[in-house]
Amino acid sequence: MARGSEDPFPIALERGPRSWARDHLRVLREALHYVSERFSASLLVWLLVGIALALPAGLYLLEKNLVDMSAAWDGRPGLSVYMNLEVQSEAVENLATRLRSESGVATVVTTLPDQALEEFQTHTGLGDALDMLSGNPLPASIRVTLDADASPADLDRIAASIADQSDIHEVVVEKTWLARVRDISSVVSRLSLVLAILFGVGAVLVTASSVRLAIEARLEELRVQKLVGATNAQIRRPFLYFGAIYGAGGALVALMLISTTLLVIETPLVSLFSSYGSDLELIGFDPAFLLVVLLVGTLLGVCGAVLSAGQRVFELEIH
Amino acid sequence: MGYIEFHGVTKRYANGYEALRDVSVEFAAGSMTFLTGHSGAGKSTFLRLLLRMEDATRGQILVNGVNVTQLKSSRLPYYRRHIGAVFQDHHLLAGRSVFDNVATPLRVIGMPEKDIGRRVRAALTRVGLLAKERLLPLHLSTGEQQRVGIARAVVNRPNILLADEPTGNLDPDLSRDIMSLFEQFNQIGTTVIVASHDRELIQSSGRRIIELAAGRVVADSGPGQVAEVTMPTSPSMDSLAQEAAGG
C-alpha cells in the first residue's frame with residue numbers, strides 16, 4: 001500500500017526553474033520588507049555606500065569633461081611658424097602645402113606680411129605708428145592646428161620635420177597649456193581610479209558588515225532553515241539580495257549627490273565658461289552613466305554580501 | 001533489513017566524552033519507537049546523528065539503504081527534507097506567525113504559495129491550531145507551541161519523524177495529546193522515533209522501547225507494533241541511494 005490514502009499531505013516536492021524563480025521572487029520580497037522595516041539603519045548604509053561611490057564617479061565625470069573641454073576649446077594643440085622677412089609668398093605656400101600633408105594636421109592657415117600688418121593695425125590701433133616705418137616689419141607666418149586627439153609628441157614631430165628649413169625664422173610650439181590640461185586630466189583620471197578602488201573596497205566592507213549584522217540577527221531562523229533542508233545557497237540568498245539592495249540604494253544616493261553637486265556649481269561654471277566665450281555643456285551625466293553607477297553599486301553590494309554570508313553560512317551549526 | 005540501521009555507532013566529542021558507544025539497532029519502516037534513559041544517556045545524540053546535525057566518530061547509519069554518515073554536505077539538505085524534527089524547546093521563529101513557521105519547510109522546497117496555504121492549513125487543522133495561524137508563537141501556550149513545532153515537522157510529509165523530549169515541558173494531559181499526534185502520523189506510515197524520559201507515558205503506549213545508559217543500548221523491548229504500510233522510496237531518496245552506491 002502506498003502511503004496512507006487518508007494522508008492530508010500529498011507529495012509535491014518542487015524542483016526546476018519555476019520553483020527557483022519563485023523562491024528568488026519570494027526572497028526578494030522578504031529582503032525588501034526587511035530593509036524597509038529597518039529604514040533608518042538602511043538609510044545609513046545607503047548614505048555610506050553613496051558617498052563612497054559619489055567621489056570616484058564624480059571625478060570620472062570631471063575627467064571626461066576636462067578631456068572634452070581641451071578638445072573643444074580654440075586652444076587646440078598647434079604651432080606657429082614665423083618665416084624670415086625676405087621669404088616670398090610662394091615659399092610660404094610650399095611650406096604650407098608640405099605641412100598639410102603631415103599626419104595629424106587639422107588646419108593650416110597662412111598669413112602673408114601684408115595681411116599680418118593689416119590685422120595688426122586693426123587690432124592694435126597703432127596704424128599711424130607703423131606708417132612711420134620704412135617697411136613692413138612683420139614676417140609671413142603659418143598657423144598649424146592639429147587634430148583634437150594629437151599628442152604633444154605629434155607637435156614635436158611636426159616641428160622637427162621643418163626644422164631644417166632655412167626660410168624659417170622661428171617655430172613656436174603651443175603645447176604648454178595643452179600639456180597642463182592633459183596632465184591635470186591624467187592626474188584626475190588616476191586619482192579617480194585609486195579612489196574608485198579605495199572607496200569601492202569601502203563600499204564592499206560597509207555592505208559586508210551590514211549583511212553580517214543581518215545574519216547575526218537571523219541566526220535562529222537560519223538554523224531552522226538548515227534543519228528543514230535548506231541548501232547553503234538558499235540560506236545565503238536573502239543576504240545577497242540585502243547586499244544588492246544596499247549597493248543599488250547606495251548608487252542612487254551617489255547619483256543624487258552628483259546631480260545635486262552639479263546643480264550647485266552650475267551657476268559659477270556658466271559664468272566661468274562664458275568669460276572664455278564658451279557655452280557650458282557638461283557631458284557624461286547620461287543614461288549610460290546612471291546605469292553603470294547603478295550596476296557597479298549593485299555589484300559591490302553583492303560582493304560585500306558574498307564576502308560576509310559565504311563563510312558565515314558555511315560555518316553555521318544547527319544546535 | 002531495517003529502514004533505519006545503526007551499526008556500531010560511536011560518538012566521541014573532542015573532550016573525550018563518549019555520548020554513544022558502539023550502538024547497533026534497527027528500526028522497521030512505519031514503526032514507532034521510544035528512546036529512553038536518564039539525562040546524558042545519549043538519546044539526543046542518537047537523534048542528532050540520525051539528522052546529521054553531528055557526525056558519528058565510528059560506525060554506519062543507514063536510512064533506506066543510504067549510508068548517511070558518508071553523505072556529502074551538499075546532499076545533506078535533500079536528505080533532511082525527508083525527516084521531520086520536533087524539539088523540547090520548539091525552535092520556533094519568534095518573529096514569524098504560526099502560519100509562516102509551519103510553512104518554512106515548504107518554502108525551502110519551493111512549493112507555490114497557494115499549495116503552501118493548503119498544506120499548512122491541513123497540518124494546523126491536524127494539530128488543532130488552525131484558528132491561531134496568524135498569531136506569533138509568543139502568544140501561544142507551551143503545549144500549543146509544541147504543536148506548531150509538530151505541524152512544521154510533518155507538513156512536508158517526511159518519511160521519518162524524530163522528536164527529542166517533545167513533552168518535556170508539558171503537563172500529563174498535554175503530553176498524551178502530543179503522543180496521540182505522533183501515533184496518528186505513525187498510522188499513516190511515518191517512521192517515528194521519540195526520545196523521552198517520561199517512563200509512565202512511554203510504557204502506556206505499548207510501543208517498542210529502547211533504553212540507553214551511558215551511551216549504550218541496555219534494553220530493547222523488541223519490534224513492537226509496526227504500521228502495516230509499505231514505505232515508498234521517493235525519487236530523491238533513490239538518487240541519494242545511487243549516489244551512496246557510487247552511481
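Conditions tested, residue by residue: (1) in a loop (DSSP other than H, G, I, E, B); (2) at pLDDT 80 or above; (3) within 13 Å of chain A (Cβ to nearest Cβ); (4) more than 21 Å from B:Leu47 (Cα to Cα).
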{"site": "B:Ile202", "(1), (2), (3), (4)": "no, yes, no, no"}
{"site": "B:Leu212", "(1), (2), (3), (4)": "no, yes, no, no"}
{"site": "B:Val217", "(1), (2), (3), (4)": "no, yes, no, no"}
{"site": "B:Gly224", "(1), (2), (3), (4)": "yes, no, no, no"}
{"site": "B:Glu228", "(1), (2), (3), (4)": "yes, no, yes, yes"}
{"site": "B:Met231", "(1), (2), (3), (4)": "yes, no, yes, no"}
{"site": "B:Met237", "(1), (2), (3), (4)": "no, no, yes, no"}
{"site": "B:Gln242", "(1), (2), (3), (4)": "no, no, no, yes"}
{"site": "B:Gly246", "(1), (2), (3), (4)": "yes, no, no, yes"}
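Output the residue which, of all residues in region B:166-200 that are away from chain A (no Cβ under 14 Å) and assigned to a strand (DSSP E or B), is surrounded by the fewest Cβ atoms within 10 Å (Cβ to Cβ).
That would be B:Ile193.
Among the residues making up region B:134-164, those that are surrounded by fewer than 21 Cβ atoms within 10 Å (Cβ to Cβ) and outside any helix (DSSP H, G or I) are B:Arg134, B:Leu135, B:Leu136, B:Leu140, B:Ser141.
Only one of A:Val293, A:Val313, A:Val306 is among the β-branched types (Val, Ile, Thr), touching a helix residue (DSSP H, G or I) at 6+ places or on another chain (Cβ under 9 Å), buried (at least 18 other Cβ atoms within 10 Å of the Cβ) and within 14 Å of chain B (Cβ to nearest Cβ). Can you tell me which?
A:Val313
Residue count for region B:31-46 satisfying the condition of being within 15 Å of the chain's Cα centre (by Cα) and either away from every other protein chain (no Cβ under 14 Å) or crowded, with 23+ Cβ neighbours inside 10 Å (or both): 9. Taking region A:141-160 as the range and being modelled with pLDDT of 80 or more, in contact with a helix residue (DSSP H, G or I) (Cβ under 8 Å, 6 or more places away or on another chain) and among the small types (Gly, Ala, Ser) as the test, only A:Ser141 passes. Candidates B:Val68, B:Val23: the one that is more than 14 Å from the chain's Cα centre (by Cα) and within 14 Å of chain A (Cβ to nearest Cβ) is B:Val68. No other residue among B:Val86, B:Val108, B:Val68 is over 26 Å from B:Gly128 (Cβ atoms), surrounded by 23 or more Cβ atoms within 10 Å (Cβ to Cβ) and among the β-branched types (Val, Ile, Thr) apart from B:Val68. Taken together, the residues in region B:94-106 that are more than 7 Å from chain A (Cβ to nearest Cβ), polar (S, T, N, Q) and either closer than 26 Å to B:Glu183 by Cα or in a helix (DSSP H, G or I) (or both) amount to 1.
Of all residues in region B:107-138, those satisfying the criterion of being at the interface with chain A (Cβ under 9 Å from one of its Cβ atoms), over 24 Å from B:Ser175 (Cα atoms) and touching a residue at least 12 places away in the same chain (Cβ under 8 Å) are B:Val108, B:Ile109, B:Arg119.
Residues that are closer than 21 Å to A:Leu95 by Cβ, surrounded by 14 or more Cβ atoms within 10 Å (Cβ to Cβ) and free of Cβ contacts under 8 Å to residues at least 60 places away in the same chain within region A:114-146 comprise A:Ala116, A:Leu117, A:Asn136, A:Leu138, A:Pro139, A:Ala140, listed in sequence order. Screening region A:148-247 for helices (runs of 4 or more DSSP H) wholly inside it with 1 or more residues that are within 14 Å of another protein chain (Cβ to nearest Cβ) and in contact with a strand residue (DSSP E or B) (Cβ under 8 Å, 6 or more places away or on another chain) returns the ranges A:219-227.
The values are calculated or read from the model by the stated rules, or taken from the named source; none is laboratory data. Keep in mind the model is a prediction, meaning the values are calculated, not measured. Cβ: placed from backbone, ideal geometry, glycine included. Neighbour counts: every protein chain shown.
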